[in-house]
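Below: the structure, in structure tokens.
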Amino acid sequence: MDLLTVNDSAGAYPGSFYASRAEKLPKFAPAAGDLTYDVCIVGAGFTGLSAALHLAQRGYKVCVLEAQRIGFGASGRNGGQVGQGQRLDQDALEALVGTDHAKALWKIGQQSVELVRELAVSDQVHADFHPGVLHADHKASFVDHSKAYVEKMATEYGYEHLTFLDKDAVRQRVNSPAYFGGTLDMRAGHIDPLELALGLARLALAAGAEIFEDSRVIDLKEGTTTSVITNSARISASHIVLACNGYIGSLHKDIPRRIMPINNYIVATKPFDTPLQEDTINGNIAVADSKFVVNYFRFSDDHRLLFGGTESYGYKFPKDIGTQVRKPLAEIFPQLANVPLDYAWGGTLAITMNRMPHFARYAGNILSFSGYSGHGVAMGTLAGQIAAEAISGQAERFDVMAKVPTPKFPGGQSFRQPLLALAMLWYALRDKL
């Protein structure tokens, strides 16, 4: 089944809140004929567009091939949370790769947030960066770890922007009975993701990159000069950047073994008045909780509650996304159980076994960036800058990320989906216990 079309119409944005209000670019023509570039980028999400921008700024002749529209995939549909660090916390990273490597990964994670902050002030990015992300503990047993983690980050990493909140302090920030404590990071934040992607496209175009839409890649040919083939074009390039994430399909043999596409869902309520917004989430911060299947929520610039929750592991979205997401919304905010929903949409992201992104180099001149596991707004954007560095011969940050192991999913491509579904059912049950 084709993830690019099974839930969406060809050449059209999904029916999301973001797509309803974005300042979209005119549609770009498909690639056609025999073309030659220094670098060919596959995928016009955060990573592909950021790579195009930073490569063009370095003087490379660059094109971006997008099968649908700019920001069509996860980059234009996600919760808009710009999380600090990596998807795993530093305790987990130290256990996985050792303290020195973990500290290098933390530094890169900080740089990813700072890059989004810098981009947000550009006139070409029509979205504001709003500071503050609260990580809320849904179990009392998690609170001691949150308190210790704040102390660890201050003493061992010199990070002073993270604050511990007890149960009462969390309730003052989030009017929900569901949480027992948490941490508030005021250097992290949230942003309209589709507007960020469109802004990256404007910046890339201004730097000299070219973008082709409706240009699905059907084959790659390795070599000193690579070939990227679509239905209407053959692009010769010295380097390829694969920025397809969950939509990689069968385009590459190894990458799909290490990432898994899953679906996640979001609703947007009617606009709230200011007192109701402040009573729901005080201070316009974003929130993500500690459940394995994360609930995440924030307010839009026009005062709608954007609430994300629930996942599915098949290809198709459910018929009634709104009803499905309303269940966790009502669990977190009982007082909003019957709030009108104006929008409901789904999106496909990619996860890895260990929830760390998969950075890899193949055949010397093919770079792949994928598997952000729900942490892609900042890291996906920085990945494009890292791609430009690596192609230019400065691979230090690329190597730090690429050295993180990315295990293959068990069961191969035939059985990984049902095995993952069984595992997720167990973790969802554990969330409730």
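The values are calculated or read from the model by the stated rules, or taken from the named source; none is laboratory data. Computed from a prediction, not measured in an experiment: that's the story for all the values here. Cβ sites come from the backbone with ideal geometry, for glycine too, and all protein chains shown count toward neighbours. Just so you know, the surface numbers come from the protein's heavy atoms only, side chains and all, with ligands and any DNA or RNA stripped out. Shrake-Rupley method; radii C 1.70, N 1.55, O 1.52, S 1.80 Å.
DSSP loop GluC sites (Glu not before Pro) in region 155-206 with at most 16 other Cβ atoms within 10 Å of their Cβ, which ones?
Within region 155-206, the qualifying GluC sites (Glu not before Pro) (loop, at most 16 other Cβ atoms within 10 Å) are E160.
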**Report entry** Within straight-line cross-link reach of K316, lysines at Cα separation under 21 Å, skipping those fewer than 8 residues along the same chain
**Finding:** K327
Requested in this report: Report the charge-dipole magnitude of region 110-161 in Debye, nearest 20, computed about the Cα centre from +1 at each Lys and Arg Cβ and -1 at each Asp and Glu Cβ.
Outcome: 220
Query raised in the report: Where does helix 46-57 land angle-wise versus the long Cα axis of the chain, in degrees 0 to 90, nearest 10?
Result: 50
Query raised in the report: With +1 on each Lys and Arg Cβ and -1 on each Asp and Glu Cβ, how big is the dipole of region 297-380 about its Cα centre, in debye rounded to the nearest 20?
Result: 260
Query raised in the report: Rounded, prolate or oblate: which fits region 1-77, taking a ≥ b ≥ c as square roots of the Cα gyration tensor eigenvalues, rounded meaning a/c under 1.5, else prolate when a/b beats b/c?
Result: prolate
**Report entry** Using alpha-carbon coordinates, inclination of helix 99-120 to the longest axis of the chain, degrees
**Finding:** 80
Report task. Taking a cut-off of 21 Å between Cα atoms, list the lysines near K107, but don't count ones fewer than 8 places away on the same chain. Result -> K152, K403
Report task. Using a/c under 1.5 as the rounded threshold, could you call region 141-194 rounded, prolate or oblate? The axes a ≥ b ≥ c are square roots of the C-alpha gyration tensor eigenvalues, and prolate needs a/b larger than b/c, oblate otherwise. Result -> oblate
Report task. Quote the accessible area belonging to H54 in square angstrom, nearest 10, computed with a 1.4 Å probe and with ligands, DNA and RNA left uncounted. Result -> 20
Query raised in the report: Round to a whole number: what % of the accessible area of region 119-190 belongs to carbon and sulfur, probe 1.4 Å?
Result: 49
Query raised in the report: Among V121, N78, V64, which residue has its Cα positioned farthest towards the positive end of the charge dipole of region 47-129, with +1 placed on the Cβ of Lys and Arg, -1 on the Cβ of Asp and Glu, and the dipole taken about the Cα centre?
Result: V64
Report task. Compare the Cα positions of I41, L162, A209 along the charge dipole of the chain (+1 at Cβ of Lys, Arg; -1 at Cβ of Asp, Glu; about the Cα centre) and return the one farthest towards the positive end. Result -> I41
Query raised in the report: Going by alpha carbons, how many degrees (0 to 90, nearest 10) lie between the helix axis of 193-207 and the longest principal axis of the chain?
Result: 30
Query - Charge dipole (region 302-387, unit charges on Cβ, about Cα centre) - positive-most of L305, L336, G347 - result: G347
Requested in this report: Work out the length of the dipole vector of the chain about its Cα centre, built from +1 on the beta-carbon of each Lys and Arg and -1 on the beta-carbon of each Asp and Glu, and round it to the nearest 20 debye.
Outcome: 1040
Query raised in the report: Using the C-alpha gyration tensor of region 300-367, what are the square roots of 5 times its eigenvalues, in whole angstrom, with the largest one first?
Result: 34, 14, 12
Report summary line: Env charge @ A395, Cβ radius under 9 Å, K,R +1 / D,E -1, value -1
Report summary line: The ³J(HN,Hα) series, computed from each phi in region 132-149 with the Karplus coefficients 6.51, -1.76 and 1.60 at θ = phi - 60°, rounded to the nearest Hz and given as x for glycine or proline, is x, 10, 9, 9, 9, 7, 8, 10, 4, 5, 8, 5, 4, 5, 4, 5, 5, 5
Query raised in the report: Please state the relative contact order of region 120-232 as a whole percent: Cα pairs under 8 Å, 6+ residues apart?
Result: 30
Requested in this report: First compute the accessible area of region 231-296 with a 1.4 Å probe, then give the percent of it belonging to carbon and sulfur atoms.
Outcome: 49
Report summary line: Judged on accessible area alone, 1.4 Å probe, highest first, D168, D279, D34, D185 line up as D34, D168, D279, D185
Report task. Go through K24/K319; K24/K61; K291/K408; K221/K253 and tell me which ones have a Cα-Cα distance over 21 Å in this structure. Result -> K24/K319; K24/K61; K291/K408
Query raised in the report: How long are the three semi-axes of the equivalent ellipsoid for the chain, computed from the Cα gyration tensor as the root of 5 times each eigenvalue, in whole Å, largest first?
Result: 34, 24, 21
Report task. Hand me the trypsin sites (Lys or Arg not before Pro) from region 260-340 located in a DSSP loop with no more than 15 other Cβ atoms within 10 Å, in residue order please. Result -> K316, K319
